[in-house]
Each structure stands twice: as structure tokens, then as C-alpha cells.
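Okay, structure first, notes after.
Every read-out reported here was derived from the displayed coordinates using simple, explicitly stated rules and does not represent laboratory data. Here the structure is a predicted model, which is why all the values come from computation and not from measurement. With ideal geometry, Cβ positions are generated from the backbone for all residues, glycine too; neighbour counts draw on all protein chains shown.
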Amino acid sequence: MSEMLADTVTESNVDFELCPKFEKTFSILGKKWNGLIIDVLLEDGPQRFKNLARRIPKCSDRVLVVRLKELEENGIVSRVTHCDSALIEYRLTTKGQDLRQVMDTVHNWSDKWFSPVES
């Protein structure tokens, strides 16, 4: 019996490693607000900061700025400044647009497994 317990303990101490690319992806997509930011940009196209803030009202402006910078650093969002005006927009890059199928799959999964949340 103690041998079986020892085998179980040894097996449970195995250090499992995930694929570094998988870990990187989920470190980005799993961060609070990133999925919603990406979803808004996929659904509505390029957005000014104030429009993004309006669409994600529970996210503070300070956190939204940080998340947009992180998404920009990871090549998912680009910050576009228009020369002829003070207009600044955030839009998905090609890399960000490639998340459409992933986000559609997440929507389908959540529609199947979660009931509507009451406000």
C-alpha cells in the first residue's frame, strides 16, 4: 500500500510544462479586459479611446490604457494617429484579426454552457 502511495506522490510531483506559445497566448487572452477589448474591436472596427471606454464601462480608464499598451506591444492592436487631426484610433492588426475564429468559438461555448447573467 505504501508503495502505491509513494508512486502516486512521485507522479503528482511531476513538473508539467505547457507549450511556451500556448502559455504566452493565454497570458494575453486571459488577462482581465483583453478579451472584451479584442471583441469590441472585432465587432465594431477601429475605435477611439472614449468609445472603447463606453463599451467596457466596468474597466477603469487607467486599466484600459495599460491593456491597450500591452495589446499594442504584443502586436494585436495598433494605435493610429491621424495627421490631419487629433484623432487617435485603436484597431486590430492582422494578428488581432486572426483571433476572430477564436472569439467566435468562445462565444459559442459560453452560449452553450452559461445562462444569461442578470444585471
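Restriction of the trypsin sites (Lys or Arg not before Pro) in the stretch 9-104 to DSSP coil positions whose beta-carbon has at most 15 other beta-carbons within 10 angstrom yields LYS31, LYS32, ARG48, LYS58. In this structure, the pairs whose alpha-carbon distance is over 22 Å, taken from LYS21/LYS112; LYS24/LYS112; LYS58/LYS95; LYS24/LYS58; LYS69/LYS95; LYS31/LYS95, are LYS21/LYS112; LYS24/LYS112; LYS58/LYS95; LYS24/LYS58. Restricting the stretch 18-119 to chymotrypsin sites (Phe, Trp or Tyr not before Pro) that sit in a DSSP loop and have at most 14 other Cβ atoms within 10 Å of their own Cβ leaves PHE114. Rounded, prolate or oblate: which one fits the stretch 35-105, using the alpha carbon gyration tensor with axes a ≥ b ≥ c (rounded when a/c is under 1.5, else prolate when a/b beats b/c, else oblate)? Oblate shape, in that a/c is at least 1.5 and b/c is the bigger or equal ratio.
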